[in-house]
């Protein structure tokens, strides 16, 4: 299996404000990442939303996009879930 086909799952906590999701999605689009799945839900704190997304890429490029995502003003926290091999 090629590393570039690995699917990565990111969990992003972000401020529940107008335009926050657009800024996060725009960061991925600007770097030519295609988001495979996207789920957004409220948390117990009404000021914070949880965004879960999956995308494909190698470990180095995912590490770079994680660092860039953490720099966005609306982002509170970013975590990467363990990599799961794609189903055959």
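Here is a check on your reading of the model: is residue 36 touching a residue at least 24 places away in the same chain (Cβ under 8 Å), exposed (fewer than 13 other Cβ atoms within 10 Å of the Cβ), farther than 13 Å from residue 9 by Cβ and in contact with a strand residue (DSSP E or B) (Cβ under 7 Å, 6 or more places away or on another chain)?
No, not satisfied.
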Q) What number of residues within region 5-19 are surrounded by 15 or more Cβ atoms within 10 Å (Cβ to Cβ) and over 8 Å from residue 75 (Cα atoms)? A) 6
(Q) Just the residues that are free of Cβ contacts under 8 Å to residues at least 24 places away in the same chain and under 12 Å from the mean Cα position of the chain (by Cα), please, taken from region 39-63. (A) 39, 40, 63
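Readers should treat all values here as calculations from the given coordinates under stated rules, not as data from a laboratory. Just so we're clear, the structure is a prediction, and the values are computed from it rather than from any experiment. Note that we place each Cβ from the backbone using ideal geometry, even for glycine, and neighbour counts take in every protein chain shown.
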